[in-house]
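Read through the structure below, which is laid out as structure tokens, and then see the notes.
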Amino acid sequence: MTIHSPLFLLAALGVMSGAAVAAAVDTSAWKCETCPYPKGTTGAVEVGVGQVSDKSSTFGTYTGLDSKGSHLVLGGKLSTRGPGGYYADLNAADLGTDIRRLSAQSGHEGLYNIRLGYAELPRYEAEGARTPFLGNGSGMLTLPALAGYPAGTTAAMPLASTLNPLSLGSQAKRFELVGSWVGQRRWTYRVSLRRDVHDGSKAGAGSFYATSSQLALPVDHSTDLLEVSATYATQRLQASLGYQMSQFRQGTEALTWANPFSPVVGGDSRGQLAMAPSNQFHQITGSAGYQLTPMLRASANIAVGRMTQNVAYLAATLNSSLLVPALPAASLDGRVDTFNANVKLSATPLAGLRIHAVYARDVRDNRTAVLSYPMVSTDMFLRPDLRSNTPFGLTQDRFKINADFHRSGPWKVSGGVDWERRDRPYTEAVTTRETTLWGRGTLQAREDLSLSLKLAHAEREHSTYGIATWFGGPQNPLMRKYNLAARNRDSGAARADWTVNSVVSLGLGLDYARDDYKDTAIGLKDAETVNLAADLGLALSERTNVHAFAQGELMRSSQAGSQTFAAADWIGRYKDRFEVVGMGLKHAAIPDKLDIGADLSISRARSDIAVQTGVLEPDFPTAKTSLDVVKLHATYKLGPQLSLTGIWWYERTDARDWRLDTVQPATVSNLLAFGNPAPNYNVNVLRLVLRYGF
């Protein structure tokens, strides 16, 4: 018997394989049966019809189904994969509704890519609103030429005969063009163009001294964005350089409206509100990352930008009876310079230990000239003093250091320190400093049980808290703004994931946070949030899967105030509660033939407000909102390439909000309101869709 060593066997196999290659096997007829990238043309077309049971603009927000009746369901996709890495894709969805989307892309793997995109998205608000104003959606609101306008109170206005339904909402359209290509010597280039167009109206308000009117503000603006970048990459170095531009154009510069209330002084029959002015933003960005050693990496990012706004001022007032001095300039000529930079070091000094250190600086330098302007109060009164614009700015420095440690055991721990300083000129507290200590531990208690816990404590202090005098009226010296006030914050999060067996998996999570504004006498005193969540997964069989979840959140806060410009003499307490439960089911009723599924979610929200001044005032009514959603769907395969899908979607919203439901157009004598109630609707959607794949 002959015994061969492993080395001899390897040599023999090498010779045999070389001989096989030398035989010049003909592979021209070979076909890859398991290649991950298909070649040729594939696609699918979806055509169907849908029916909506009731009209609801609230339901139509983000769904495009705001009208009662039938609608077309149309979409599909087309993909082509050619030789040498060429590809092309075309996708279309919801072409029969107001949320239609289209995209197309083509390119060559590793060489270039170009993509075109188009999308629409509606947003509606204030369902059930009514108004006597004419010209809604434009820049000019007028009143009917009837006796009764203007009037001293809403009760004296002829609202019964002049109120008309008002549709408030806007349609957003997005056009996008993106191209990228790979150059020589490790360079990649990218260009992105995007235009967002918004058209419609939204809710707003205007006032004359002690009277106010809700108004339909025009939405007529567009935003153009341009991004150009170049990226260089090697095994150790990655770097990029880019330019970004954003240009906002306002189509309607102002809204002018007729005063429905009797003038208090002569000439205040019309008011005017400026819309968001056209503006520009330009920014140059750069980034670099370098692997200094196998255990040390450094990276940095920097961005330098400039925002400008130079739209011509509107007149200080439309009241010709007021002798207003000339404005000090024709426009703001506003300019804000921005600077954002960060440096990061990541090191692995020991096996299982990784350390990260980050320093970041963000600067917003307002370079707008400070000028003195005449002050007109609600087109009625000219103040004797002048007021100057305040060039608010911000400088923010952040330093973070944290570490992760994990060896072969069940424990993984991490922790760190975050430090932040903010300098805000022209504010009551110019400087705030906040330090956060945090730690997190993860334990793989068993093969099927994972536990994690994170705790954090933060303290914020500030420089001397003063009194800002450039805001107009004086402020209570005891007041502290919540974003400037001293604060202690404690938070924690716990999570458990348990794979009970091959059928059942369970997850539980708890989050808690509490803010204590320890030195605040007037202002936000404290806030607390508790969030509890659970999720359940059931793999009942290879054909049936069920998942379920439940989440509850409680938010509480209290705020102190003063009616006498002195110590606190009232306190407001707020409590919001949210509960959501839901489940989903997927079941192969007939394998490879009929698939069915169901999704259910039930949401509840409550908001309670109580204000106490010591005279036993009753609490405000509880505001409630409930949302129930049920979706059932089934897909039946009619053939290898043809399938039929049926969908039933039910959604119910029932909201009760005293801030809306109890305020009709004439409820308040000096407020001409829309009178829209809180959203309430019941909508059924039924769809039948035929899908053909090829």
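So what is the diffusion coefficient of the range 598-646 in µm² per second by Stokes-Einstein at 37 °C and 0.692 mPa s, using a Kirkwood Rh over Cα pairs? Intermediate results must be reported in sequence, preceding the final value.
Details: Rh = 15.5 Å.
Taking Rh from Cα pairs, D becomes 212 µm²/s.
Which entries of LYS39/LYS586; LYS55/LYS593; LYS173/LYS624; LYS481/LYS518; LYS77/LYS173 have Cα-Cα distances beyond 24 Å here?
Values: LYS39/LYS586 31 Å; LYS55/LYS593 36 Å; LYS173/LYS624 33 Å; LYS481/LYS518 13 Å; LYS77/LYS173 21 Å.
Pairs exceeding 24 Å: LYS39/LYS586; LYS55/LYS593; LYS173/LYS624.
Which order do LEU688, LEU382 take by accessible area at a 1.4 Å probe, largest first?
Working: LEU688 95, LEU382 65 Å².
Descending order: LEU688, LEU382.
Principal axis lengths of the range 418-468 from Cα atoms, whole Å, largest first?
Result, largest extent first: 59, 12, 12 Å.
Using helices alone, I'd like the mean residue ellipticity at 222 nm for the chain: each DSSP H run of four-plus residues gives -39500 (n - 2.57), total over residue count, nearest 500. Walk me through the numbers on the way to the answer.
Values: 4 runs with 29 residues, N = 694.
The per-residue figure over the chain is -1000 deg cm²/dmol.
Rank VAL685, ALA44, HIS356 by how far each Cα sits towards the positive end of the charge dipole of the chain (+1 on Lys, Arg Cβ; -1 on Asp, Glu Cβ) and give me just the farthest.
The one lying farthest along the dipole's positive direction is HIS356.
If you look at just the Cα atoms of the range 409-560, how large are its Rg and its Dmax in Å?
According to the Cα coordinates of the range 409-560, Rg and Dmax are 22.0, 70 Å.
Taking a spot 7 Å from the Cα of LEU506 along the direction of its beta carbon, which residues of the range 542-570 have an amide N less than 14 Å from it?
Hits in the range 542-570 for LEU506 at 14 Å: 548-550.
Can you give me the % of accessible surface on the range 262-355 that is carbon or sulfur? Probe 1.4 Å, all protein chains present, nothing else counted. Could you put the intermediate results ahead of the total?
On the way: 3410 of 5270 Å².
Reported share for carbon and sulfur atoms: 65 percent.
Quote the relative contact order of the chain in percent (integer), defining contacts as alpha-carbon pairs under 8 Å separated by 6+ residues. Display every interim value, and only then the final one.
Working: 1830 pairs, mean separation 58.9, N = 694.
In percent, rounded to a whole number, it is 8.
Students often get this wrong: which residues of the range 222-251 have the backbone nitrogen under 17 Å from the point 7 angstrom along Cα-to-C-beta of ALA341?
240-242
Quick one, what does Rg over Rh come out to for the range 510-613 if you take C-alpha atoms and the Kirkwood Rh? Spell out each step's value before the answer.
Values: Rg = 22.7 Å, Rh = 17.3 Å.
Taking Rg over the Kirkwood Rh, I get 1.31.
With only alpha-carbon pairs counted, each pair once and no self-pairs, how large is the Kirkwood hydrodynamic radius of the range 567-642 in angstroms?
Averaging 1/r across every pair of different Cα atoms and inverting gives 16.8 Å.
Scaled to the compact-protein estimate 2.2 N^0.38 Å, what is the alpha-carbon radius of gyration of the range 536-694, rounded to two decimal places? Mind dumping the intermediate values first?
Working: Rg = 24.5 Å, N = 159, 2.2 N^0.38 = 15.1 Å.
Normalised Cα radius of gyration, the range 536-694: 1.62.
Mind pulling the angle between the C-alpha long axis of helix 6-22 and the longest principal axis of the chain? Nearest 10 degrees, somewhere in 0 to 90.
The angle comes out at about 80 degrees.
Using all Cα-Cα distances in the range 78-197, what percent lands in each 5 angstrom bin from 0 up to the longest?
Per 5 Å bin, starting at 0, the Cα pair percentages come out as 2, 9, 12, 12, 11, 9, 7, 7, 6, 6, 5, 5, 3, 3, 2, 0.
Consider all pairwise Cα distances in the chain and report the whole-number % of them above 46 Å.
Tail of P(r) above 46 Å: 39 percent of Cα pairs.
Using a 1.4 angstrom probe, figure out how much accessible area the range 84-236 has per residue, in square angstrom, rounded to the nearest whole. Provide the component values of the computation, followed by the final result.
Working: 7950 Å² over 153 residues.
About 52 Å² of surface per residue is accessible.
Run a plain Debye calculation on the range 177-316 (Cα atoms as equal point scatterers, no solvent) and give log10 I(q)/I(0) at q = 0.09, 0.10, 0.11, 0.17 Å⁻¹, rounded to two decimals, same order as the q list.
Scattering profile of the range 177-316, log10 relative to I(0): -0.51, -0.58, -0.64, -1.00.
Report THR131's accessible area, 1.4 Å probe, all protein chains in place, as a number in Å² to the nearest 10.
10
Treat every Asp and Glu Cβ in the range 538-694 as -1 and every Lys and Arg Cβ as +1, leave all other atoms uncharged, and give the resulting dipole magnitude about the Cα centre to the nearest 20 debye.
Details: 17 positive and 16 negative charges, 109 e Å.
For the range 538-694, the charge dipole is close to 520 debye.
Within the accessible area of the range 568-650, what % is carbon and sulfur when the probe is 1.4 Å and the other protein chains stay in place?
Values: 3250 of 4990 Å².
Solvent-exposed carbon and sulfur of the range 568-650 make up 65 percent of the total.
For the range 289-369, state what percent of all Cα-Cα pairs lands in each successive 5 Å bin, counting from 0 Å until the bin that includes the largest distance.
Calculated P(r), rounded to whole percents: 3, 11, 14, 11, 9, 8, 8, 7, 6, 6, 5, 4, 4, 3, 2, 1, 0.
The values are calculated or read from the model by the stated rules, or taken from the named source; none is laboratory data. Here the structure is a predicted model, which means the values were calculated and not measured. Glycine also receives a Cβ, built like all others from the backbone with ideal geometry; neighbour counts cover every protein chain displayed. Surface accessibility is based on the protein's heavy atoms, side chains included, excluding ligands, DNA and RNA. Shrake-Rupley method; radii C 1.70, N 1.55, O 1.52, S 1.80 Å.
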